[in-house]
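Below is one structure, written out as structure tokens, with a few remarks after it.
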Amino acid sequence: MIKSAMIVMLLTSPIWSKESVTLQLSWLHQFQFAGFYVAKEKGYYRDADLEVTIHDARSKINPLTAVMENKAQYAVGHTSLIVDSLKGKPIVLMAAMFQSSPMMLLVREDSGIKTAKDLRGKRIMLTSDVANGAEIQAMMRSVGIGTHDYIYQPHSYSASSLERNETDAMASYLSNEPFILEKKGVKTRAIHPKDYGFDFYSDILFSSQNEYTKHPERMGAFYNASMEGWRWAFDHIEETAEIIYHNYNPQHKSLESLIYEGKVLKELAFRPNVAFGTFDPVRLEMMAQGYRLMGIVNDLYSAEPIIYKNSEVHLSENEKKWLRNHPVIHIGIDKERPPVEFVDDMGKHYGISASYLKVLEKRLGIRFEVDYSYQHWSDARKAVENKKLDMLSCAAITRKDHSDILYSKPYMKQSMVIVANSKVGYVNDLYDLDGETIAVVRGNATEEILREHYSQLHLVVVDTPLEALQKVANGEVYGCVEGLNIVSYLIDRHDLKHLKVVGETPYQYEFGFGFRSDWGLLAVIADKVLVSVTAKEYEKIHGNWLVMEQKEPVDYKKIGMVASIVLFVFLLIAYKNRRLDTLVRQRTDELESFNLRLQNEVEKAVEKNRVQEKLLMQQAKMAEIGSMLESIAHQWRQPLNILGITMTQLNLSYGMDANSNAGKAIEIAETQIQYMSQTIDDFRNFFKQDRTLSLVNIDTLIADVENLLGPLLRRKKIIIEKEIDPTIAIMIYPNELKQVIINIVNNAREAIEQQHNELRMIRIRCDKEGLDYRISIEDTGGGIPPSIIDKIFDPYFTTKFESQGTGIGLYMAKMIIEKHFFGNLSVENTPYGANFIIRLKQNLHEIPFTDRGFAG
């Protein structure tokens, strides 16, 4: 009897209850699959009662086949899984490890190939599975290159093929081949589908519908443990690389290369305010349409049915018992940190953290009781440390360990930014605030970081973020350092229009829950709940608070209806940019619109100079306009590419019908789409900051200017005549010279409009003058009065109303030519108008960039 009882106990004990599952990878072991290794090595699978076997590509079985034949319960595949689903394969997409694919075409820097268009007629190494490389095929077709327009080569799977010039371009991963070739001294260039509007997911974790139906708890446990492993892997890249180097390294990669791979892949795995691993059904549908347009599938695709939704929390018996013994959790809050958390007018806890607490209550069946007796967050924190409270609903997780508080995984991240009076110029970094008085919130992560690393700052400690902003507004302190979302929310809600974000820091807030030190089990349970939050729940929680109210919304659908609207948006922003800071804050919580490269160079030369500070403000606004147009270009690019491919297929369909008028209509549509796409490229290229000198053909550069300004000039019935030697090429910073010429041509246009003459012409000449080059821009606008011709290059001098001009355009132009190019800009009157003359040096490339006192 005793023997039988022992056998029963053994069979029902945890060592016998673990379920064995297999994960099939799509390639050899490397950092590409790091999260799964961590989940195994760190015991996350074991804690979920799973025994996981991981097979890489050496098993020589296709991941889809392995899952369909139940040789593996889970696998990692490509976006070609969309095709498999459309063809009737019963699969479930569980998670996308990378929000953007690392797949791209790699070329040698010395090959002369700079864009996808340059690949026509070139040798390209691709995988045999066209679906596997669909984003590359879609990119090629978007620039008019079909499968017969290049030389296909089977992939060698060796970076040496590019090193030995055995191919012109090869399908590669951003995280692998560039590093390998760089170590061999070969400089490379990536041609990425993302830059052409084809932003695909990569490395999709999937399973079968059979697994989902028959083993939902096992699937949930595997999903949660895997996600936990991935988060740890990206939070500890170097330690993860060590694990792979010693245990999962059949390719014998160096530790350095694995660390590099991890850092690159982390950038591709995360997007602002998008939960790790989640799918966007709209993006999936766009990808499916791309496959359809390439003829791989013929059916329309609905992504919703095959996306795994994991909202269940799988708890151990010990965890369930703990929750039964603690049905009520007493929490402390920060009453004044909106939108993360605050107390509303009714005296109730509100904000992002409150929304997450409701999720925990729903998932766990417990109740959170807020203790409102603590006036400040620092007091609530001390109460948790002393175990008078059980947890904090919002705690900034810092790298410095606090043994008296345990943290959950972060449910929100945001950048720490610098806020000051709107008259303050842009701040490069915290070291530029040397000696200034800065407000910080008491006991917050910001105070800890600034005291430890920036002792030169004079810190004023306050109790709330709003109090910090008010001290800045009243002039009591120079600035404050706080989270971007927090200051954006407070500045908007409290109408602090004379404050603005003037710079960012290298630090981020990571907000999570904080627990008393003896409640580690609750921290583990909270992590499981946070992992289970679905994309829809995440968007609902964060979207309600992080999307600022917009008094004058921009209707992008209307923008997309006509190609010429791009120019309209440009002019509107250029002349109505007083609200631009607010618009930028609404569009991004990661300061994507700040062009810090531009600002860093400017600030070195104009730190305390009033005239040049105003120039900096003007250029910063131009950078923000460029960022806005970059955003518009990104939104337009993929629909334009889809339309272009569609038109191409229609053209082929109607090609046999000689009597049809459809061919002419298609030709017109294709012309307009190409025009729209070119317009996007023109604007994007104009706003890119030049980092290196380029040998530029002047005739081509003037043509670019004409493309930008041509529509407006034609409407004003102004003709551009060019007399340019087509062989002249100069080593310059092209966008800066474009800026000068555009400024002069715009001034000429305005002068011609005021004259109302029949002769409405701008003549642009370029020729060689001794050892240097001469560009002249002559107009028929009546000339410049002799009394002011000597003043037009002075800062702030303008003949326009204040709302129409700043008076620094020509001053900036002169500074660029004379300080950047060490040339000369002058003006003279002619019988018909004014003639601006630009003289450029031949030996510009011999002058280091850092020696050019002014930065543009």
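The values are calculated or read from the model by the stated rules, or taken from the named source; none is laboratory data. A quick note: this is a predicted structure, and the numbers were derived from the prediction, not measured. Positions of Cβ are backbone-derived with ideal geometry, glycine not excepted, and every protein chain shown enters the neighbour counts. What goes into the accessible areas is simple: the full protein's heavy atoms, side chains included, and nothing from ligands, DNA or RNA. Shrake-Rupley method; radii C 1.70, N 1.55, O 1.52, S 1.80 Å.
What are the pairs with Cβ atoms under 8 angstrom where one residue, in segment 769-791, is at positive phi and the other, located anywhere, is open to solvent by 40 Å² or more (accessible area, probe 1.4 Å)? Sequence gap at least six, or different chains.
That search, which allows pairs on different chains as well, returns Gly782/Gln754; Gly782/Gln755; Gly782/Asn757; Gly782/Tyr832; Gly783/Asn829; Gly783/Tyr832.
State which residue is most open to solvent (accessible area, probe 1.4 Å) when the search covers only segment 313-372 and only residues that are among the hydrophobic types (A, V, I, L, M, F, W, C) and part of a loop (DSSP other than H, G, I, E, B).
Met346
Only one of His494, His498, His453, His458 is within 17 Å of Ala396 (Cβ to Cβ) and not hydroxyl-bearing (Ser, Thr, Tyr); which?
His453
Taking the condition under 30 Å from the mean Cα position of the chain (by Cα), surrounded by 17 or more Cβ atoms within 10 Å (Cβ to Cβ) and either without any contact (Cβ under 8 Å) to a residue 40 or more places away in the chain or in a helix (DSSP H, G or I) (or both), does Ala380 pass?
Considered against the rule, which asks whether it is under 30 Å from the mean Cα position of the chain (by Cα), surrounded by 17 or more Cβ atoms within 10 Å (Cβ to Cβ) and either without any contact (Cβ under 8 Å) to a residue 40 or more places away in the chain or in a helix (DSSP H, G or I) (or both), Ala380 comes out as no.
Name every residue in segment 799-833 that is farther than 19 Å from Leu737 by Cβ and either modelled with pLDDT of 90 or more or in a strand (DSSP E or B) (or both), in order of residue number.
Listed by number, the residues that qualify are Glu828, Asn829, Thr830, Pro831, Tyr832, Gly833.
For segment 134-191, how many residues meet the condition of being open to solvent by 30 Å² or more (accessible area, probe 1.4 Å), under 12 Å from Val107 (Cβ atoms) and in contact with a Ser or Thr (Cβ under 9 Å, 6 or more places away or on another chain)?
Count: 6.
So Trp519 ticks every box in (1) among the aromatic types (Phe, Trp, Tyr); (2) under 30 Å from Asn224 (Cα atoms); (3) surrounded by 23 or more Cβ atoms within 10 Å (Cβ to Cβ) but one. Which box is left unticked?
(3)
Please list, ordered by residue number, the helices (runs of 4 or more DSSP H) wholly in segment 415-514 having 1 or more residues that are open to solvent by 10 Å² or more (accessible area, probe 1.4 Å) and in contact with a Pro (Cβ under 8 Å, 6 or more places away or on another chain).
Filter on segment 415-514 gives 484-493.
Being farther than 24 Å from Gln508 by Cα and under 34 Å from the mean Cα position of the chain (by Cα) narrows it down to one of Lys335, Lys362, Lys388, so name that one.
Lys362
Here is a list of conditions, (1) within 20 Å of Arg337 (Cα to Cα); (2) touching a residue at least 40 places away in the same chain (Cβ under 8 Å), and Thr437 meets all of them except one; can you say which number that is?
For Thr437, the exception is condition (1).
Please identify the pairs in which a residue from segment 319-346 that is in contact (Cβ under 8 Å) with a residue 60 or more places away in the chain and among the small types (Gly, Ala, Ser) has its Cβ atom under 9 Å from the Cβ atom of a residue that is open to solvent by less than 20 Å² (accessible area, probe 1.4 Å) and not in a strand (DSSP E or B), counting only partners at least 6 apart or on another chain.
Within 9 Å, the pairs are Gly332/Ala380; Gly332/Ala383; Gly332/Val384; Gly332/Leu389; Gly332/Asp390.
Pro726 - would you say it is open to solvent by 50 Å² or more (accessible area, probe 1.4 Å) and under 23 Å from Lys114 (Cα atoms)?
So Pro726 fits the description; yes.
Residue check: is Asp434 of a type in the set (D, E, K, R), over 26 Å from the mean Cα position of the chain (by Cα), at pLDDT below 90 and under 28 Å from Leu360 (Cα atoms)?
no
List pairs: first residue in segment 449-463 and under 14 Å from Asp434 (Cα atoms), second residue open to solvent by 30 Å² or more (accessible area, probe 1.4 Å) and outside any strand (DSSP E or B) anywhere in the structure, Cβ distance under 6 angstrom, at least six positions apart or on different chains.
The qualifying pairs are Gln456/Asp434.
Would segment 735-757 turn up any residue that is aliphatic (A, V, I, L, M), closer than 23 Å to Met812 by Cα, in contact with a Ser or Thr (Cβ under 8 Å, 6 or more places away or on another chain) and at pLDDT 85 or above?
Yes, because at least one residue in segment 735-757 is aliphatic (A, V, I, L, M), closer than 23 Å to Met812 by Cα, in contact with a Ser or Thr (Cβ under 8 Å, 6 or more places away or on another chain) and at pLDDT 85 or above.
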